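The values are calculated or read from the model by the stated rules, or taken from the named source; none is laboratory data. Because the structure is predicted, anything quoted here is derived from the model rather than measured. Neighbour counts are summed over all protein chains in view; Cβ atoms, including those assigned to glycine, are modelled from backbone coordinates with ideal geometry. Keep in mind that these areas ignore ligands, DNA and RNA; they rest on the heavy atoms of the full protein, side chains included. Shrake-Rupley method; radii C 1.70, N 1.55, O 1.52, S 1.80 Å.
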Amino acid sequence: YYFLTKFMGVNWVGPGELGEVYTEQPDWKMPAKIDVLENPDFEMRHWYSPAFSCRQWLAAGVRMSFHHALGNVFHPDKHKDTPEVFPLVGGKRYIPKVKEGSHALGGWQPCTGNPKSVEIAVKHVLDSFEKNPGMATVSLSVNDGAGNICECSLCKAQDGKDAFKGEGRPDLSDRFFRFYNAVIERALEKNPNARIAVLGYGAVKEPPKEIKVHPRISVFHVMPSKEKLEAWKESGGG
């Protein structure tokens, strides 16, 4: 898509066939030399609308995997025999039931403090890159929806001191980025090109306060402001 836009004058200005703009060039020839170096402010941006397919409109769409992922990484059908990687809620392990629809694996988060959870996530990252070597990142984003977060001592030890002091959702950024940092550090031991991407969203919408984000972690902020982007950059998030 970049090539067609840059060298053939093709543009996608809106959804569908009507938005595809080009002039037929039957005598077009490949340039004798192509030498292009660009350093964009954002390595990737993503626009989502359920009203229409905008993939072409955004010149071929997503190059990175970054959306909600932990529900699949810790899918209850795959890990029901290791209940300790699921959240401890009210003194019992919450084993999610897979629902129908787009939020089938939402409404809970895994136990990030358990070493087995790190092992599972590291294996997922390494396996994903092995199966898809052209991928730029593997997503470990939190599940969508609130509630059913782990209350075990290992997870609480990962939290910032003010994690539960605000109104509404707790601030779990320190918890999750301690987990993410551990995963990427382990993955890099086996694959020096490993890189993960996560959403700055929901309970992790704020940068962590007590730790730095590993430089091999890309953070996708939902509806960001200039101030929030600067804060994430200061935290180390790419």
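Assorted remarks:
- When the Cα convex hull of region 193-238 is projected onto planes of every orientation, the mean area is 3.1 nm².
- A convex hull fitted to the Cα coordinates of the chain yields 167 cubic angstrom per residue.
- Inverse of mean 1/r across different Cα pairs in region 73-183, Kirkwood, Å: 14.8
- Note on Phe3 and Val98: the extension gain reaches 30.0 nm, defined as 0.36 nm multiplied by sequence separation minus the Cα-Cα distance.
- Apportionment of accessible area to carbon and sulfur, region 183-226, percent (1.4 Å): 54
- Interchain or long-range residues, amide H under 5 Å from Lys209's placed H: Asp174
- Other residues lying with their Cβ under 14 Å from the Cβ of Pro83 contribute a combined charge of +3, Lys and Arg counting +1, Asp and Glu -1.
- Residue among Asn143, Gly71, Phe86 farthest towards the positive dipole end of the chain, charges placed on Cβ: Phe86
- Alpha-carbon radius of gyration plus Dmax, which is the widest Cα pair, for region 110-238 in Å: 14.3, 43
- Sequence of Met30, Met135 from largest to smallest accessible area, 1.4 Å probe: Met30, Met135
- Other-chain or far-sequence residues with amide H under 5 Å of Gly113's (modelled H): Cys155
- Estimated dipole of region 99-205 in Debye, rounded to 20 [Cβ of Lys and Arg +1, of Asp and Glu -1, Cα centre]: 100
- Put a dot 7 Å past the Cα of Ala231, heading toward its Cβ, do the same for Tyr22, and the two dots end up 4.4 nm apart.
- In order along region 87-99, the phi-based Karplus estimate (6.51 cos²θ - 1.76 cosθ + 1.60, θ = phi - 60°) of 3J(HN,Hα) comes to x, 8, 10, x, x, 10, 6, 8, 9, x, 9, 6, 9 Hz; Gly and Pro are listed as x.
- Backbone geometry of region 209-218 corresponds, through the Karplus equation with coefficients 6.51, -1.76 and 1.60 at θ = phi - 60°, to 3J(HN,Hα) couplings of 9, 10, 9, 9, 6, 4, x, 8, 10, 9 Hz, x marking Gly and Pro.
- The stretch between Ile34 and Val13, if pulled fully straight at 0.36 nm per residue, gains 5.1 nm over its current Cα-Cα span.
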